[in-house]
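One structure below.
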Amino acid sequence: MNKAELFSQIQEAIVELDEQKVMKLTAEVTKSGIDLVEAIEKAYTAGIRKVGGLFETGEYFLPELIKGGKIVKEAISEIQGFIPQDQIVHRGKMVIGTVQGDMHNLGKDLVATMLETRGIKTIDIGVDCPVDKFIDRAVEENADLVGASCLLTTTAPEQKKLIERMKELGVRDRFKVIVGGAAVDLEWSKKIGADGYGANLKEAVDVSLDLLGVEGK
């Protein structure tokens, strides 16, 4: 089959959540001589965006979205092993975690997975993270973006504390900060001086890409 047909079949298999078919087609991609970076963008990223669209319209639910993300992440990891390091597209680096006192990770994990498919390296520091853990890792990794999630209203002040601590340490200007989670809203993000806010998965991904200057979301 030609390149366009192969990309189309991969997208279709991702939408159908057919892991076996996706990996079989991925094996074909790595043997075909196709530009692998192009394949990631036009087949796998396009496929998971279609899954995200079905989630946004209510046709798919969280289990489907999670499965789709897992399939794509596995396939891209396989492909990246065949791409010379100088050809791998790095569009930015993000440290992401859930704030101290909060153990919820689902939204954070989904955002991280979706950003990975767009060439954003994500360093997931987990849940129940003190503000200094965010900052220390961001400095260590020379990150561009810091994402802080919270689901509990009692832990929302930790997002404000994170930005205040960055200012104390003189590193606020080094990182863009995006906040999200069910406990917060756009007004809160502006009040605490965050650079961006994600109300849902799609918005969190789009805003993160905007903050990193990535075109063609």
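Read the figures in this text as sums done on the coordinates, not as results from a lab. Since the structure is predicted, the reported quantities are computational estimates derived from the model, not experimental observations. Every residue, glycine among them, receives a Cβ derived from its backbone with ideal geometry; neighbour counts consider all protein chains shown.
Points to keep in mind about this one:
- This ranking places Ser77, Ser208, Ser189 by how few other beta-carbon atoms lie within 10 Å of each, fewest first, which gives Ser77, Ser189, Ser208.
- Largest-first principal axis extents, alpha carbons of the stretch 142-213, Å: 30, 29, 18
- Whole-number percent relative contact order across the stretch 3-87, with pairs defined as alpha carbons under 8 Å at least 6 apart: 37 percent
- Length-normalised contact order of the stretch 92-211 in % [C-alpha pairs under 8 Å, at least 6 apart]: 26 percent
- Size descriptors for the stretch 3-87 (Cα atoms only): Rg and Dmax, in that order, 12.4, 40 Å.
- Most fluctuating residue given options Gly58, Gly68, Gly101, as computed from a GNM of the chain linking Cα atoms under 10 Å: Gly58
- Too-long pairs where the Cα-Cα distance tops 31 Å, listed order kept, from Lys24/Lys133; Lys121/Lys190; Lys73/Lys167; Lys70/Lys190: Lys24/Lys133; Lys73/Lys167; Lys70/Lys190
- All-pairs alpha carbon distance profile, the stretch 32-77, 5 Å steps from 0, percent: 5, 23, 27, 21, 13, 7, 4, 1
- Reciprocal mean inverse distance between Cα atoms of the stretch 92-211 - Kirkwood radius, Å: 13.6 Å
- Compared with the direct C-alpha span, the chain from Thr30 to Ser77 gains 15.7 nm at full extension, assuming 0.36 nm per residue.
- Met103 paired with Glu168, simple spin-label distance in nm, labels 7 Å along Cα-to-beta-carbon: 2.7 nm
- Mean Cα-pair separation over length for the chain, i.e. relative contact order, pairs under 8 Å, 6 or more apart, %: 16 percent
- Mean residue ellipticity at 222 nm, helices only, the chain: -16000 deg cm²/dmol; runs of at least 4 DSSP H residues each add -39,500 (n - 2.57), and the sum is divided by the number of residues.
- Efficiency of FRET between Glu59 and Lys21 - r from beta-carbon atoms, R0 25 angstrom, step 0.05: 0.80
- One quarter of the convex hull surface built on the alpha carbon atoms of the chain amounts to 11.9 nm², the projected area averaged over directions.
- Overall size of the stretch 102-158 from C-alpha positions, given as principal axis extents largest first: 33, 23, 13 Å.
- Cα-only Debye scattering, the stretch 55-152: base-10 log of I(q)/I(0) at q = 0.14, 0.22, 0.23, 0.24 Å⁻¹: -0.60, -1.15, -1.19, -1.22
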